[in-house]
Each structure stands twice: as C-alpha cells, then as structure tokens.
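Have a look at the structure below, then the notes.
The values are calculated or read from the model by the stated rules, or taken from the named source; none is laboratory data. Just so we're clear, the structure is a prediction, and the values are computed from it rather than from any experiment. Note that each Cβ is placed from the backbone with ideal geometry, even for glycine, and that neighbours are counted across all protein chains shown. With ligands, DNA and RNA removed, areas are computed over all heavy atoms of the protein, side chains included. Shrake-Rupley method; radii C 1.70, N 1.55, O 1.52, S 1.80 Å.
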Amino acid sequence: MSNQIIERIVALRKQMEEAGIKAVILPRTDAHLSEYISSHWHIVRWLSGFTGSAGTMVVTDKEALLWVDSRYFLQGAQQIEGTGIILMKDGLPDTPSIAEYLCEHLSKGDKVGINGLLMSIDETASLRSRLNACCIGLDVDFDPIDRIWADRPALPSDKIFIHDEKYAGESARSKIARMLADAGAQGANAYFTSALDEIAWVLNIRSNDVPCNPVATSFLYLASQGSTLFVDSAKMTPEVEAYLNDAGVAVAPYDSVLTALAALPVDVKVLLSGSRASGAIAHVLEGRYVKGDSPVALPKAVKNEVQIAGIRNAHLRDGVAMVRSLMEIEKTVADGKPLTEMDVADILLKHRSRGDLYFDLSFESICGFGANGAIVHYTATPESNTAITPGSLLLIDSGANYFDGTTDITRTVAVGTPSADMCHDFTLVMKGHIAIATSIFPEGTRGAQLDALARMPLWKEGKSYLHGTGHGVGHFLNVHEGPQSIRLNDTLAPLTPGMLTSNEPGVYLADRYGIRCENLVLTIPYEETEFGRFYAFETITLCPFDRKLFDLSIMSDSEIEWVDNYHRTVYDRLSPLMDEAERSWLAAATAPLV
C-alpha cells in the first residue's frame with residue numbers, strides 16, 4: 001500500500017509541475033465542508049492511507065505532510081508509516097500552522113493551489129493574507145484529483161426521503177420563513193448553504209449519502225421570490241419533488257449551482273456563513289453577498305419539545321440495546337469463547353438494529369481493547385483486530401441514528417479484574433464527568449468556561465486529554481453538531497436550553513489503555529434569581545458505568561451519591577423494557593457503590 005501512495009503523490013506532483021504549483025493543500029472534507037464525507041471525497045485517505053475524520057494534507061515539490069489533531073497522533077503515525085509522509089501534530093507549540101510552514105519552505109513568487117470548494121470563506125481569506133504577506137500566491141482553482149484518481153467513486157445517488165414532521169416538530173415552510181427573517185435582520189434577502197446537515201434540517205429531508213450521517217448531497221438557496229435545491233435528479237422521487245414544491249422549493253441540477261449563483265440579479269444580497277460557505281461560492285457571488293452568521297445553526301441546535309421527547313425515547317431504546325450488548329460481551333468472555341474488537345462492534349449493531357425506529361449507526365463504532373483504547377478515534381481493522389481477554393480495559397464508543405433521535409455513548413469496561421491504576425484513572429475521569437453533569441451556570445455561559453471542571457481532577461495529577469470534553473449532537477442527523485461545544489478553545493456559542501451536548505472526558509496511556517466516559521446532556525432551565533437566569537444539565541443517556549472501576553477512596557460523598565442516583569434512574573427507566581434475566585443483570589450493575 002505504501003508504494004501505491006508514493007506513486008499517487010508522484011502523479012500529483014506531475015500535475016502540480018504542469019500547473020506551476022509549488023504546494024497543494026488538501027483538506028479532508030467535501031464541497032459542503034463536511035466532517036463526515038462520502039467515498040467520492042476521500043482524497044486524503046486515497047493519497048495517504050490515513051482514515052481519521054479530521055486532517056489536512058500538504059504536498060510540495062519536495063515533501064508530503066499530514067496535519068492531524070490530538071485524536072489522531074497515534075493513528076496517523078501508524079497509518080502513514082513507510083509512505084514518506086511527515087506527521088504534523090497540530091495544536092502542539094512546536095508544530096507550525098500550514099501557512100507558517102509554507103512561508104518558511106516556499107520562495108517569493110511561488111504559488112499554492114487549493115480547490116476553492118474545499119475551504120471556507122474565512123479560511124481562504126486567512127490563508128491568502130498569510131501567503132501574500134510572504135509574497136506567495138494562491139490559486140483557488142487547482143483541482144487535479146480526477147486526472148490522477150482513475151477509479152474515483154461517483155457522487156452518491158441514494159434516494160431522498162421525507163423526515164416526518166411528527167419527529168421533526170416543525171414544517172419546512174415554517175423553517176424557511178424563520179431562516180429568511182434572520183437573513184433579513186443581517187441585511188440580506190436570501191440565504192445560501194452548502195452544509196448538508198443544515199439542508200436536511202431546514203427541509204426535513206434525509207438520505208443515506210454519507211455513512212452514518214443521514215444527509216443528501218445538495219446545495220440550498222433560500223429566497224422569498226423562490227428557493228432552489230440543487231441536487232442530482234437521480235436522488236429525487238415524485239413524492240419528494242411534490243413535497244418540496246409544496247414548501248416553495250424548486251429543484252435544479254446539482255452541478256448547476258455555481259452558474260445559477262453567478263446569474264443572480266445585482267440587487268440580490270445573499271447571506272453566507274464565513275465558516276460554512278466555501279471561498280468558491282463567495283467568489284461567484286462577489287459584490288452580492290453578506291458575510292454573517294448562519295441562521296440555521298442555533299435553531300437546529302436548540303431542539304423543540306417534539307424533538308426532545310423523541311430524544312428521550314430514543315435513549316430508552318438505545319440504553320436497552322447497550323445493556324444487552326454489555327451482557328453478551330460479559331458472558332462471552334466468562335464462557336471463554338473467542339471475542340475480538342470487531343465482534344464487539346457486531347454485537348452493538350445487532351442489538352441496536354433490532355430496536356424500533358432504528359435507521360443506522362451514528363458513527364462507526366470505536367471498540368478499542370488495551371493499548372488500542374489509547375488511540376482516541378480507533379477503529380478496528382482485520383489487521384489490528386485484537387482478541388479481548390481478561391486483564392485490561394475495553395473502551396466502547398458507539399451510537400445510533402433513530403428516526404426520533406441520535407445517540408452517542410462511551411463506556412469503559414474492565415475485562416477481568418482491573419488494576420489499582422486502572423481504577424484510579426477511571427475514577428479521575430468520572431470525577432470530571434460528574435463535575436460537568438452537576439454544573440449550574442448563568443445564562444450566556446459557553447462550554448469553554450466549563451471545560452476545566454472536567455479536566456481538574458486529572459490536571460492535579462499531571463494528566464490530561466487533548467480532545468474536547470463535549471460536542472453538540474444533532475436530531476436524527478450528524479452526531480457532531482455546532483455551534484456549541486465544551487472544549488479549551490472557545491467557540492463563542494452559549495449553552496442554551498434545548499441543546500444536546502456530549503460529556504466525555506478521558507485519559508489515554510499510550511501502549512497501555514484508554515478511558516473515556518460519555519453521556520449526552522440536555523441544557524435545561526434551573527432557576528431565575530435577582531442575578532439572572534441559571535441553567536443546568538439533564539443527563540439523557542441511560543446505561544450503567546462499570547462499578548468495578550470506581551476507586552471510592554478518592555471520591556467525595558456527593559460524587560458517590562451522584563453515581564448511585566444515576567444508576568437508580570437507569571434501572572427505573574430501563575427495567576420495564578427488559579425480561580427477567582436482563583433486569584437481574586441490570587439490578588446488579590446499578591447497585592449502590594457502598
């Protein structure tokens with residue numbers, strides 16, 4: 001495989017030389033700036049062998065480099081070994097940014113190439129500014145991939161289907177009116193989005209174009225004079241076309257979007273999000289767009305009452321599936337039968353897929369045993385698939401998309417008798433998890449202002465984790481959703497009632513084990529005083545934590561009480577949905593810690 005990758009990079013360099021390009025930047029994204037992408041857009045994977053969900057490749061005439069964040073330091077190094085590609089650990093003090101690297105290694109008058117559809121307006125402007133300061137040019141129309149990737153997969157053609165209003169809680173026509181009102185308040189009379197989750201949410205449509213993400217490959221232009229969905233006609237059905245027409249949305253070919261935008265009248269002012277619309281879109285709308293905030297991001301993140309009810313119901317079914325999975329894993333090990341990481345993923349899929357309203361997994365299950373658990377976003381392959389035997393920890397991060405909600409849960413399970421170090425580290429992580437779960441905060445608080453609560457127990461012992469503590473979660477949509485998050489770097493989005501966010505601190509010891517404990521939490525009103533409104537979190541996920549891993553000697557009475565109360569809630573809500581054997585197992589798994 002490494003020889004193939006080397007040959008592909010050589011072919012890319014030939015295209016660069018012919019175009020007078022000294023370096024090309026290849027973000028791991030698509031023309032919709034998505035985190036999760038269809039096979040057509042897996043350019044970075046094809047060129048490097050790296051399979052993670054975030055990373056950017058840079059190829060110069062002399063070097064090839066891959067920038068990844070902390071989740072992929074270990075995985076990235078393993079997957080590019082032997083290719084000659086240099087791993088760049090993004091976020092560390094000694095790692096230069098891509099622009100810094102290019103300014104240092106290129107010469108005045110050199111040119112950098114990008115596909116302008118793969119970089120946001122803000123990113124394009126920032127890159128151009130940094131390069132121009134070094135007298136380096138930027139070509140936003142360099143897209144040679146089709147010429148070197150002979151068997152590149154086609155764009156997805158899965159059919160679109162309607163997401164029923166009984167689950168969505170609001171009609172597409174109502175949402176369009178709200179989005180246009182927001183655009184008007186920002187000085188525009190239209191809104192354009194290429195973000196697939198935004199399009200799915202606004203129009204109440206779904207598809208199966210991206211694995212584990214029920215989105216439809218398309219662009220959407222909204223205007224009071226008439227809205228248009230740019231989409232491949234093969235994805236349409238008469239029912240969906242009639243539904244869109246009733247919502248005031250016409251349909252046009254997917255590949256006609258740039259031409260259609262370029263032909264808009266001069267008096268049209270189109271709102272574009274600087275972070276979610278590409279530089280190529282801004283270029284064709286030059287002089288006719290307003291850069292502002294997405295009118296979709298906040299309404300999509302703040303779930304309505306119908307969605308919240310669905311989310312709670314989905315987590316009941318998901319909790320039952322998780323318990324059945326944990327029972328089967330435990331029994332298989334106890335019986336001495338063979339069990340691997342990939343077997344665990346199959347067990348999770350089996351039990352979830354039997355549940356009502358199941359659609360798909362919400363992401364590829366992460367089942368890492370022992371040292372593999374220390375690889376934050378590890379996915380087992382036939383080559384890495386490890387047998388699960390007593391003596392270490394099994395980290396399971398998984399979830400599902402149901403028609404009424406999306407789930408995401410991580411549990412760390414002791415296989416056999418855990419060591420004192422394992423219990424100690426697990427309890428440090430849980431102390432941080434509990435600190436987030438029990439936090440009370442005033443209106444306007446952002447996730448970055450809470451993040452240290454989750455890290456402090458680890459920091460006090462010189463330990464940490466580099467990923468975020470929490471991300472937003474969609475509703476029968478993408479498992480990673482903005483604008484809110486809980487992380488060290490601030491996203492400036494306040495935590496607002498109705499937002500669903502993960503709570504997932506962790507710690508990872510290379511070559512030993514990884515620990516992560518994740519529930520989803522709903523922001524809810526707490527109280528209003530003379531000092532203003534205060535909010536809290538309601539824990540939505542329902543599944544026991546492994547009681548064997550708690551070190552009670554370092555837990556406070558209130559932390560023990562929280563675990564016991566949470567486990568009592570898990571039992572009370574899940575047990576009515578279970579048979580006698582399952583209830584018996586759950587009763588033991590949720591028994592008081594003391």
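Averaged per residue, region 480-565 has 41 square angstrom of accessible surface, using a 1.4 angstrom probe with ligands and nucleic acids left out.
When cysteine pairs in the chain are screened for C-beta atoms closer than 4.7 angstrom, the residues that find no partner are C135, C212, C367, C423, C517, C543.
Within region 113-168, the proportion of Cα pairs with more than 19 Å between them is 56 percent. Taking a straight line from the alpha carbon of K108, these aspartates and glutamates sit under 16 Å away, with near neighbours fewer than eight places off in the same chain left out: D61, E100, D139. For region 99-248, evaluate the Debye formula with one uniform point scatterer on each Cα (no solvent term) and list log10 I(q)/I(0) at q = 0.08, 0.09, 0.12, 0.13 Å⁻¹, rounded to two decimals. After summing over all Cα pairs, the log10 values are -0.35, -0.43, -0.69, -0.78. Neighbours of S278 by Cβ distance under 11 Å: Lys/Arg scored +1, Asp/Glu scored -1, total -2.
In terms of overall dimensions, region 428-528 has a Cα radius of gyration and Dmax of 13.5, 49 angstrom.
Given +1 at the Cβ of Lys and Arg, -1 at the Cβ of Asp and Glu and no other charges, the dipole of region 32-177 around its Cα centre is 200 debye to the nearest 20. Using the alpha carbons alone, the radius of gyration of region 1-107 stands to its Kirkwood radius in an Rg to Rh ratio of 0.94.
Provide, for q = 0.13, 0.20, 0.23, 0.28 Å⁻¹, the log10 of I(q)/I(0) from a solvent-free Debye sum over equal Cα point scatterers in region 227-282. Results for region 227-282 at q = 0.13, 0.20, 0.23, 0.28 Å⁻¹ read -0.41, -0.88, -1.02, -1.16.
Relative contact order of region 30-81: 30 percent, from C-alpha pairs under 8 Å at least 6 residues apart in sequence.
With a cut-off of 11 Å between beta carbons, the residues surrounding G169 carry a summed charge of -2, where Lys and Arg count +1 and Asp and Glu -1.
Across the chain, Cα pairs under 8 Å and at least six residues apart give a relative contact order of 11 percent. Based solely on its DSSP helices, what 222 nm [θ] is calculated for the chain when runs of n ≥ 4 H residues each add -39,500 (n - 2.57) and the sum is averaged over all residues, nearest 500 deg cm²/dmol? Computed ellipticity for the chain at 222 nm equals -10500 deg cm²/dmol. Each Cα pair under 8 Å and six or more residues apart adds its sequence gap; the mean of these over the residue count of region 257-362 is a relative contact order of 19 percent. Overall size of region 277-422 from C-alpha positions, given as principal axis extents largest first: 68, 34, 30 Å. Packing around the peptides 346-356, 369-379, taken as the average count of other Cβ atoms within 10 Å per residue, puts them in this order, highest first: 369-379, 346-356. Using only Cα coordinates, the Kirkwood hydrodynamic radius of region 484-585 works out to 16.6 Å. For L552 and D579, what is the calculated FRET efficiency with R₀ set at 41 Å and r taken between the beta-carbons, to the nearest 0.05? With a Förster radius of 41 Å, E is 0.85. Ligands, DNA and RNA left out, the 1.4 Å accessible surface of the chain is 52% carbon and sulfur atoms. Beyond 20 Å in Cα-Cα separation lie the following of the pairs K166/K303; K269/K300; K159/K303; K337/K548: K269/K300; K159/K303; K337/K548. Start at zero, step by 10 Å, and the Cα-Cα distances of the chain spread as 3, 16, 26, 27, 19, 8, 1, 0 percent across the bins. Here region 541-592 yields Rg over Rh of 1.01, to two decimals, using C-alpha coordinates and the Kirkwood radius.
What does the charge count around S2 come to, taking other residues whose C-beta lies under 15 Å from its C-beta (Lys +1, Arg +1, Asp -1, Glu -1)? Spelling it out: positives minus negatives among the neighbours equals -1. Rounded to the nearest 0.05, what FRET efficiency do S129 and A452 give with R0 = 35 Å and r taken as the Cβ-Cβ distance? Could you check? Efficiency, from the Cβ-Cβ distance: 0.60.
Rounded to the nearest 0.05, the FRET efficiency derived from the C-beta distance between S39 and T332 at R0 = 41 Å is 0.80.
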